[in-house]
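The values are calculated or read from the model by the stated rules, or taken from the named source; none is laboratory data. Quick caveat, the model's predicted, so the values are computed rather than measured. Here the Cβ positions follow ideal geometry from the backbone for every residue, glycine too, while neighbour counts run over all protein chains shown. Ligands, DNA and RNA are stripped out before the accessible areas are found, and what is left, the full protein with its side chains, is counted by its heavy atoms. Shrake-Rupley method; radii C 1.70, N 1.55, O 1.52, S 1.80 Å.
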2 protein chains.
Amino acid sequence: MPPSESHDLRVAPHQHGRPAVPSRSRWRPLGLDEVTLTGGFWGDLQDLNASTMIAHVEGWLERLGWNGNFDAAVEGRLPLDRQGREFSDSETYKLLEAMAWEVGRTGDADLDRRLRALTARVAAAQEPDGYLSTMFGRPGQRPRWSDLEWGHELYCIGHLVQAGVARARTHGDDELVQVAVRAADLVCREFGADGPQQGVCGHPEIEVALVELYRVTGEQRYLDQARLFVERRGHGLLGEIDFGPQYFQDDLPVRDAHVLDGHAVRALYLASGAADLAVEDGDDELLAAVTAQVLTTLARRTYLTGGMGAHHEGESFGADFELPPDRSYSETCAGIASVMVNQRLLLQTGDARHADAVERTLYNVVAASPSQDGRAFYYTNTLHQRVPGREVAPDELSPRAASSLRAPFFAVSCCPTNVTRTVASLAAYVATVDDHGLQLHQYAPATIRAELADGRAVELEVTTSYPDDGRVVVRTVRGPEDGWTLTLRVPAWAEDARVTRADGTTAQAAPGYVEVAGPAQGEQLVLDLPVRARWTWADPRVDAVRGQVAVERGPLVLALESTDLGDDVASAVVSTAQAPVERDGRVLVPVASRELPDGPWPFRGAPAGAPDPAREVPLVPYHAWANRGPSTMRVWLPVE
Amino acid sequence: MPPSESHDLRVAPHQHGRPAVPSRSRWRPLGLDEVTLTGGFWGDLQDLNASTMIAHVEGWLERLGWNGNFDAAVEGRLPLDRQGREFSDSETYKLLEAMAWEVGRTGDADLDRRLRALTARVAAAQEPDGYLSTMFGRPGQRPRWSDLEWGHELYCIGHLVQAGVARARTHGDDELVQVAVRAADLVCREFGADGPQQGVCGHPEIEVALVELYRVTGEQRYLDQARLFVERRGHGLLGEIDFGPQYFQDDLPVRDAHVLDGHAVRALYLASGAADLAVEDGDDELLAAVTAQVLTTLARRTYLTGGMGAHHEGESFGADFELPPDRSYSETCAGIASVMVNQRLLLQTGDARHADAVERTLYNVVAASPSQDGRAFYYTNTLHQRVPGREVAPDELSPRAASSLRAPFFAVSCCPTNVTRTVASLAAYVATVDDHGLQLHQYAPATIRAELADGRAVELEVTTSYPDDGRVVVRTVRGPEDGWTLTLRVPAWAEDARVTRADGTTAQAAPGYVEVAGPAQGEQLVLDLPVRARWTWADPRVDAVRGQVAVERGPLVLALESTDLGDDVASAVVSTAQAPVERDGRVLVPVASRELPDGPWPFRGAPAGAPDPAREVPLVPYHAWANRGPSTMRVWLPVE
């Protein structure tokens, strides 16, 4: 095994600023260097991330001593002074990844200084052979790799590697990159085909990280190691646990599964890693298996919001169509992981369903997590809140599953750091290129300066107030003379979208992708998406929302809050006789509040009657619920 | 503190054969000495318990070494050879309790021999000071009382005391009784007002046991200790756990709560103990609080089956009206605990709602647990099975929450032993007496030979094929000349019940209790309950079953199985235009199987259509589902 300094860490330009860069794909990703969000919904959230969320998370990690665990390791104070759960190192690494993307995006010198300082503390705790964990291996701690089921050692190193990859692709080689490389090299020595360890980690994450490190470094051993981890899975190498082997995807080999199952975040991270591996290996069977699993999961195991994982117990997927809004778990991290795997499959397949899933999940899960002020987060994202939550104090650490009000931080706090790294790298989801043109997947005010895969330059300016409004203006600031194509995604809900060229010609655009032949330099092209409030019904197998209807507007799922109803949302009955009304920028639906008399037994010999819906009540975007304080809330509204 | 031999263990006759004997009550319980089930639904289940279930449970406890833990303790092989979870001792004690009731009921000499032999093994493991646990206190084990949150030491001793109480009331003083008394005395010394321990047990059970031991022995210290445990609760004496303090009812003092919350079995055992304490103390405030909690729980947090506890996570109650049939937890033990607390409140209040709850829960939760052959059990009792279960091998130990097919035994196996002790003591739920007469609460073929509270003798013979049929014949074999009253429960669903006297006069009987003035000796009186299939709808706040209907027949909840539908029950649509049909002893409903085409996304812009229900499909009693092999099943049927 060559020493780590043998790595060639001059990162190829086509990898710059991109979280995932497959060696082959139908569409090639663009990154933070090419795409700049210039305001709007996502630009504002990036600003909030820059101004508040990253520092908020950093402050909590310092205050709780989770960053301090690395100092304690250096100073010989472990295990006595160790703080947090066994996976707390990963929060530090996800913060470092967020910082790396953010420095890459803005060049923020102060943030770069903080990143370097935190990296130095982490690096100091790394052992000479590359091992890095504040939880295992010291006197008084359990031995290395002694608890692969629950210890999260490889999971943590996976996040370290992802942070290193982000730094390499936004800055180049430095201490963070080298720390990640040394840890990855240790993993390859320990867990390689001839290594002393032949297991897998209870929480997938190392797989997706190792493939990306292979892509950055070109070192085959990282890809080989990722393959070993993916292929070992599903053969019972992990010990028995109460939740059963499907909890950590050890019940079936990855390529034999038909749908994602078990712990949702684990399943989705594993699927992301398996998809990456399949691409690099040219393993079409594996790629087809993962694609089918994800498509079946979208068709049968995904909430209207894009949320995944129905069960609190085991944080897991439920059975097909088992999607009760009550206490829907829908973990923020599972939303992020779904965005990761769907974006990967989009690059490979060009199937708009994956881009639709990315959009739906970003708006209704990822964006729902942070509060308006960026200082509190949802871990779970319920679709039905029956009891108003209580205000969480700014200094209060919450149990993870509280789904009433957003909390400043959690005892298990994977989600806030995950949100920060995702928001900082959002530009990567906007556009792709191929030999012939550029594809726009997500609509936000942005400037895009890219080279097509054949080297020709394109510069676009996107102007829109989407998703408030469905008008997207794309100006070709610079483009090839001819022979190029601008491809625009039309979401599945947009049934009468139109594209209008500079010459005034208008064409209908069906859901999927519409190709526009080479706009001329300076041409302004308009995509009109029918963003208006609409009723949405569920497949009858989603029994828990039978007789109920949701309201969506563009990519946004809307919700009814007691704050607007002036009554518990349990009393609401809506009429769907007309379309929802839009007035003064708000969506209103006709609602009655029914009387809900108390009885001795909630079951009776006749169905309950319902009054005629009488008044118009405004809805809010789901992502904004509870921003005005404790409320009861429901996405699915009873129809009588 | 006096030594244990000071107990006067000549058990008063009015306590014989009764699991719960309040010192004061509106109605006084009758027991196994007075009430004999003579066949029918419950008599047959008692026979199955006698012939199979008790021996099945006993065999598993031997095979798994949970009974053997006591031998290992004596032989100094602990902790090395210890088997099972920290609460496994309680299974041995519940088996002993079941044996005690069964020996009391039938005088089975072989079973009595087995009870004595098992008792001797337990007794041998008791330490000189009365402490008894195979899990704590030895070298290599954690110290006594060092884990009150999860250790279950007092919980186990509570079950030991209940076994001792059962033995005392069916046999009289013996080794089992003395083992229980010694352990209880230790608890009083350790946890008394001046004792070194001032905590409570994470799992309530000791409270209800100590009050009953007080009732058997007359020793005040047991009642005082129960009071200390009840009053200490809700003051944060237990440490923090992930589930939060409501999990083990440590968030609120018992008398301050408005509804049962947290882990359902814990909440219901605690409520039973608190009710018993309140009765003995004359603490009307506490009794009113528990009564209100239970009534609110029945009105808002109870499944149609009587099942309690909606969440798998924490095995806990959900919010009000949060009763999704999907994976309804509805633990068998919670059903048993609900029967315990409702019977206690019935004795105090004479409120028929409690007897209705006992009946509903016995038929649809307790009776649902054992398989037809008595060799497998449900731990959880879902109301909707989406995926056919797999056959469980006769020698297979299951995780507790498998809700697909009944399993022979569980790694956490509280339910099978709980079923055996409950079925063996079922006669205690049938009838009560007061000064003026006798009350019949549950209808089963039975002979009842009782004294009214004023000493007058009554002998009744009940003949019925209830719940198959609603005709209940009560013959007064022997009764006072005059001035006595026979009181009959009319279930809440029986809206046109009738009582017909020997002289042919018939009177309508409204739901609740109907009083019949002193039937003459030899008189045959007929209660006609309208047992016919009926549609049942849920309160609109039970959102998960909106647009769905259940079918009940008498006290039985019915279910649709794929076995009868010939298709996945997901496809079923029923019409409620007419009442369900009864033919050849079966209930049939008009059902269509709708096509369920796969789509890419389960949400759409229009509601799904439904075909007209076309064929009649039979339903099965819920308690009998999956007896014919793996199936999909639903209690709540979609109506379109």
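Need the per-residue list for region B:600-617: every residue with at least 50 Å² less accessible surface in the complex of protein chains than in the chain by itself, probe 1.4 Å, sorted by number. In region B:600-617, residues shielded by partner chains: B:PRO600, B:TRP601, B:PRO602, B:PHE603, B:ARG604.
In the complete set of protein chains, residue-level accessible area for A:HIS235 is approximately 120 Å², probe 1.4 angstrom. Among the helices of chain B, those built from whole DSSP H runs whose Cα atoms reach 20 Å or more along their own axis and whose mean Kyte-Doolittle hydropathy is at least 0.5 are B:175-191, B:264-281, B:284-300, B:332-349. Accessible-area loss of 20 Å² or more (1.4 Å probe, protein heavy atoms, chain alone versus all protein chains) is found in region A:324-359 for A:PRO324, A:ASP326, A:ARG327, A:ARG353.
Taking the Cα centre of the protein assembly as shown as origin and assigning +1 to Lys and Arg Cβ atoms and -1 to Asp and Glu Cβ atoms, the resulting dipole is close to 780 debye. Here region B:426-440 is scanned for amide nitrogen atoms under 14 Å from the site 7 Å beyond the Cα of B:ASP454 along Cα-to-Cβ, giving B:434-438.
For A:GLN197 and A:ALA55, FRET efficiency with R0 = 45 Å and r from the beta-carbon atoms, rounded to 0.05? Don't jump to the answer; show the numbers that get you there.
Values: r = 38 Å, r/R0 = 0.85.
Calculated transfer efficiency: 0.75.
Note on B:533-541: average number of Cβ atoms from other chains within 10 Å of each residue's Cβ is 6. Just so you know, the averaged projected area of the alpha carbon convex hull for region B:118-182 sits at 4.5 nm².
In terms of accessible area, using a 1.4 Å probe and ignoring ligands and nucleic acids, B:TRP150, A:TRP636, A:TRP601 rank largest first as B:TRP150, A:TRP601, A:TRP636. Using the Kirkwood formula on the Cα atoms of region B:19-105, what hydrodynamic radius do you get, in angstrom to one decimal? By the Kirkwood definition, the hydrodynamic radius is 15.4 Å.
Sorted from greatest to least, the principal axis extents spanned by the alpha carbons of region A:533-638 come out as 43, 31, 23 Å. Would you mind telling me the antiparallel percentage of the DSSP bridges in region B:431-528, rounded to 5? The antiparallel proportion sits near 90 percent. Our summary gives region A:533-638 a relative contact order of 37 percent, counting only alpha carbon pairs under 8 angstrom and 6 or more residues apart. Over every Cα atom in region A:252-351, the radius of gyration and the widest Cα-Cα span, Dmax, amount to 12.8, 42 Å. Taking only protein heavy atoms and a 1.4 Å probe, the accessible area of chain B is 49% carbon and sulfur. Net charge of the neighbourhood of A:TRP537, taken over other residues with C-beta under 10 Å away and scored Lys/Arg +1, Asp/Glu -1, is +1. Beyond 18 Å, the tail of the calculated P(r) for region B:525-571 holds 49 percent of the Cα pairs. Enclosing the Cα atoms of the protein assembly as shown in their convex hull gives a volume equal to 169 cubic angstrom per residue.
Think of a 1.4 Å ball rolled over the protein heavy atoms: the protein assembly as shown then has 33 Å² of accessible area per residue. Largest first and in whole Å, the equivalent-ellipsoid semi-axes of chain A read 38, 32, 23, each the square root of five times a Cα gyration tensor eigenvalue. When the helices of the protein assembly as shown are scored as -39500 (n - 2.57) per DSSP H run of n ≥ 4 and the total is divided over every residue, the value at 222 nm lands at -10000 deg cm²/dmol.
Projecting the Cα positions of A:GLY350, A:TYR513, A:TRP601 onto the charge dipole of chain A (unit charges on Cβ atoms of Lys, Arg, Asp and Glu, taken about the Cα centre) puts A:TRP601 furthest along the positive direction. By a 1.4 Å probe calculation restricted to protein chains, B:GLU97 has an accessible surface near 10 Å², given to the nearest 10. Start at zero, step by 10 Å, and the Cα-Cα distances of region B:315-472 spread as 10, 32, 32, 18, 7, 1 percent across the bins. Dividing the mean sequence gap of close Cα pairs (under 8 Å, 6+ apart) by how many residues chain A holds gives a relative contact order of 13 percent. The mean sequence separation of alpha-carbon pairs under 8 Å and at least six residues apart, normalised by the residue count of region B:240-283, gives a relative contact order of 30 percent. Computed log10 I(q)/I(0) for region A:432-528 at 0.12, 0.13, 0.23 Å⁻¹: -0.33, -0.39, -1.27, from the Debye equation with unit scatterers placed on every C-alpha and solvent omitted.
Chain A contacts chain B over a buried accessible area of about 4700 Å², both sides summed; the probe is 1.4 Å and only protein chains count.
Summarising the strand pairing of the protein assembly as shown, around 90 percent of its internal DSSP beta bridges are antiparallel. Over region A:66-189, the fraction of Cα-Cα pairs per 5 Å bin, rounded to whole percents and listed from the shortest bin up, is 2, 12, 23, 25, 19, 11, 6, 2, 0.
Of the residues A:TRP535, A:SER575, A:THR563, the one whose Cα sits farthest towards the positive end of the charge dipole of region A:533-638 is A:TRP535 (charges of +1 on Lys and Arg Cβ, -1 on Asp and Glu Cβ, taken about the Cα centre). For A:GLN372 and A:ASP129, FRET efficiency with R0 = 41 Å and r from the beta-carbon atoms, rounded to 0.05? The pair A:ASP129/A:GLN372 has a calculated efficiency of 0.30.
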